[in-house]
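The values are calculated or read from the model by the stated rules, or taken from the named source; none is laboratory data. Please read all numbers here as calculations on a predicted model, not as lab measurements. Every residue, glycine as well, gets a Cβ built from its backbone with ideal geometry; the counts of neighbours run over all protein chains shown. Calculation scope for accessible area: heavy atoms of the full protein, side chains included, ligands and nucleic acids excluded. Shrake-Rupley method; radii C 1.70, N 1.55, O 1.52, S 1.80 Å.
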Amino acid sequence: MSNIAFIGLGNMGAPMAQNLVKAGHALTVFDLVPAAVRMLTDAGARAAASATEAVAGADIVITMLPASRHVEGLYLGEDLLAHVQPPTLVIDCSTIAPDAARKVAAAARARGLDMLDAPVSGGTGGAVAGTLTFIVGGSEDALARGRPVLEQMGKNIFHAGPSGAGQVAKICNNMLLGILMAGTSEALALGVANGLDPKVLSDIIAKSSGRNWATELYNPWPEVMAHAPASKDYAGGFGTDLMLKDLGLAAEAALSARAATPLGELARNLYALHSQGGSGALDFSSIVRLYTQKPR
């Protein structure tokens, strides 16, 4: 078993860390929220007073942070890399800009450290169940070292390519997810406006050419799927503002590569409009409300 430092115990990080404790690893954790740390110490982890203290003596450092500025701020601004000694492996599971991932990985290499960018797909449910998909950028050798630990938090591990590639693939996936959810919501709203039962329409689409993940596993219409956030007043799940962040990353990546993403940009504008209406903390499937709210 490994000595692992885990920094960032939010909605995704906390259950991921808990699965590592259950697997028998010696886990040292740090987060700015004391309650999040207490939850992990209750599960058997050791609390650190700072990120620097957390990484002391670690075989593997794992971070799960909100955005690029937090990752760069921790590793470069606070110079956490200076306190990590080779041959420690560094794994960042945050979803951030590919250029930010490459920048931090280059700084790690300059200190003789292997680093992986390993953003995840699967949501909070996957984090709890240990069935996440890890989309990894970095060297094959570094991934071979990290794979046994990643497998204790996830079910699928894909090597997308060199540093930053994991972030590119994750951004592409989430851009498509945002487009699909907005399109599914629009189609269901159109059907209901014309007198169709949303569950019947969803069942038809699920067996027809319009089938997609949203209609089959994460339906945005309330009471169509009991387990979906839509049937829980859009609580939990993947927040609208998080989707908006990822669509913004897609827009940045498109600009950097001079690629055209017109549907991605349209989806970003729709989620921005939805967020500005006060729904930023709701699950992203609540985008359906844009199509069902009556004009004043």
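Between helix 98-110 and the chain there is an angle of about 10 degrees, using the helix long axis and the longest principal axis of the Cα atoms.
Tell me the angle of helix 262-274 to the major Cα principal axis of the chain, expressed in degrees between 0 and 90 and rounded to the nearest ten. So the helix axis and the longest Cα principal axis differ by about 90 degrees.
About the Cα centre, and with charges only on the beta carbon of Lys, Arg (+1) and Asp, Glu (-1), how big is the dipole of the chain? Nearest 20 debye, please.
Numbers: 22 positive and 25 negative charges, 69 e Å.
So the magnitude is around 320 debye.
Working from the Cα coordinates of the chain, the gyration tensor eigenvalues give, after taking √(5λ), semi-axes of 36, 21, 17 Å in decreasing order. Relative to the dominant Cα principal axis of the chain, helix 140-150 is inclined by about 70°. Of the peptides 246-252, 204-210, the order by per-residue mean of other Cβ atoms within 10 Å, starting with the highest, comes out as 246-252, 204-210.
3J(HN,Hα) couplings calculated from phi for the range 245-255 with the Karplus curve 6.51 cos²θ - 1.76 cosθ + 1.60 (θ = phi - 60°) are, in sequence order, 4, 5, 5, x, 4, 5, 5, 5, 5, 5, 5 Hz; Gly and Pro show x. Where the alpha-carbon atoms of the range 177-250 are placed on the principal axes, they occupy 36, 25, 21 Å, in descending order. Only Cα pairs within less than 10 Å get springs; with that Gaussian network setup on the chain, which residue of T41, T133, T95 has the largest fluctuation? Sorting by GNM fluctuation, first place goes to T41.
According to the calculation over all Cα-Cα pairs in the range 224-296, the P(r) per 5 Å bin from zero is 4, 17, 23, 21, 16, 12, 5, 3, 0 %.
Express the C-alpha Rg of the range 153-204 as a ratio against the empirical globular expectation 2.2 N^0.38 Å, rounded to two decimals. Numbers along the way, then the final one.
On the way: Rg = 17.0 Å, N = 52, 2.2 N^0.38 = 9.9 Å.
Compared with the compact-globule rule of thumb, the range 153-204 sits at 1.72.
Across the range 69-84, rounded Karplus estimates of 3J(HN,Hα) from the backbone phi angles (6.51 cos²θ - 1.76 cosθ + 1.60, θ = phi - 60°) give 5, 6, 5, 5, x, 6, 6, 9, x, 8, 6, 4, 4, 5, 9, 9 Hz, Gly and Pro being marked x.
Shape annotation for the range 147-296: C-alpha extents along the principal axes are 51, 34, 30 Å, from largest to smallest.
Three principal axis extents of the range 8-115 based on alpha-carbon atoms, in descending order, are 37, 26, 23 Å.
Give me the 1.4 Å probe accessible area per residue for the range 35-176, excluding ligands and nucleic acids, in Å².
With the other protein chains kept in place, the range 35-176 gives 41 Å² per residue.
Distance from the Cα centroid of the range 1-74 to that of the range 183-245 is 34 Å (rounded to whole angstrom).
Using the scaling law 2.2 N^0.38 Å as the reference, what is the normalised Cα Rg of the range 94-210? Could the numbers behind the result be given before it?
Values: Rg = 18.8 Å, N = 117, 2.2 N^0.38 = 13.4 Å.
Dividing the Cα Rg of the range 94-210 by 2.2 N^0.38 Å gives 1.40.
Note on K207: lysines with a C-alpha under 21 Å away, same-chain residues under 8 apart excluded, are K199.
Place a label point 7 angstrom from the Cα of A257 along the Cα-to-Cβ direction, then list the residues of the range 158-191 whose backbone nitrogen is under 17 Å away. Taking a point 7 Å out along Cα→Cβ of A257, the residues of the range 158-191 whose backbone N falls under 17 Å are 159-179.
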